[in-house]
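The values are calculated or read from the model by the stated rules, or taken from the named source; none is laboratory data. In this text, all values refer to a predicted model and were calculated from it rather than measured experimentally. The accessibility values were calculated without ligands, DNA or RNA, using every heavy atom of the protein model including side chains. Shrake-Rupley method; radii C 1.70, N 1.55, O 1.52, S 1.80 Å.
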Amino acid sequence: MPTLQLEIVTPEKKAYSAEVDSVVLPGVAGEIGIFPNHIAIMTAIKPGELRISVSGKEESLAVGEGFVEVANNKVSVLTDAAINVEDIDEGHVEEAIKRAQEALEKAKNDPEESSALYASLARATAQLHLKRKRRG
């Protein structure tokens, strides 16, 4: 059975690189399932859960905003964050959400600052949701 070459890259590092059976991404218009021989696409992704299937086992990562390109059984994900569910510190994420919400109150009249804070808040909320989903 054919596989996909998946690469997930953040500004800091190559977060994931392996042969996989399938990938489910948080697209801006809903989840996108990618299987071998998928049509070539390039689209934006939003903060959320990226699920990877390898030999019948599923892994999950919390990803931030970014883009995905699919071509010739290669899936390239460029994102501002990719964190394995086991590495998410729930207390740390809850604090980040609180700080972002407080900062948003102060940045009401600064659209650029507000936009960055909303992006940070979306990433943290996606991480917290994924951690709690996997825990319970």
* For Lys131, what accessible area in Å² do you get when you roll a 1.4 Å probe over the heavy atoms of the protein chains, rounding to the nearest 10? -> 50
* To do: Search the structure for amide H atoms under 5 Å from the amide H of Ile32, placed 1.01 Å from N in the peptide plane, and list their residues when 5 or more places away or on another chain.
  => Leu25, Gly27
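Dividing the Cα radius of gyration by the Kirkwood radius, what Rg/Rh value follows for region 1-66?
Numbers: Rg = 11.5 Å, Rh = 12.4 Å.
Answer for region 1-66: 0.93.
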* Asked: Can you give me the Cα centroid spacing of region 21-99 and region 100-136 in angstrom?
  -> 18
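Note the full-extension length gain between Asn109 and Glu58 as 0.36 nm times their separation in residues minus their Cα-Cα distance, in nm to one decimal.
Working: separation 51, 0.36 × 51 = 18.36 nm, distance 4.32 nm.
Length gained, Asn109 through Glu58: 14.0 nm.
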* Amide H to amide H under 5 Å from Asn73: which residues, 5+ apart in sequence or cross-chain, H placed 1.01 Å off N in plane? -> Asn37, His38
* **Note, ³J(HN,Hα) from phi for region 61-69, Karplus 6.51, -1.76, 1.60, rounded to Hz, x at Gly and Pro** => 10, 8, 10, x, 5, x, 9, 10, 10
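Considering Cα pairs under 8 angstrom that are at least six residues apart, work out the relative contact order of the chain and quote it in whole percent. It would help to have the intermediate numbers written out before the result.
Working: 276 pairs, mean separation 30.2, N = 136.
Computed value for the chain: 22 percent relative contact order.
Compute the length gained on full extension between Arg132 and Ser17: take 0.36 nm times their separation in residues and subtract their Cα-Cα distance, giving the result in nm to one decimal.
The span from Arg132 to Ser17 would gain 38.8 nm if fully extended.
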* Using θ = phi - 60° and the Karplus form 6.51 cos²θ - 1.76 cosθ + 1.60, what ³J(HN,Hα) does each residue of region 113-127 get, whole Hz, x for Gly and Pro? -> 5, 4, 4, 5, 5, 4, 5, 4, 5, 5, 4, 5, 5, 4, 5
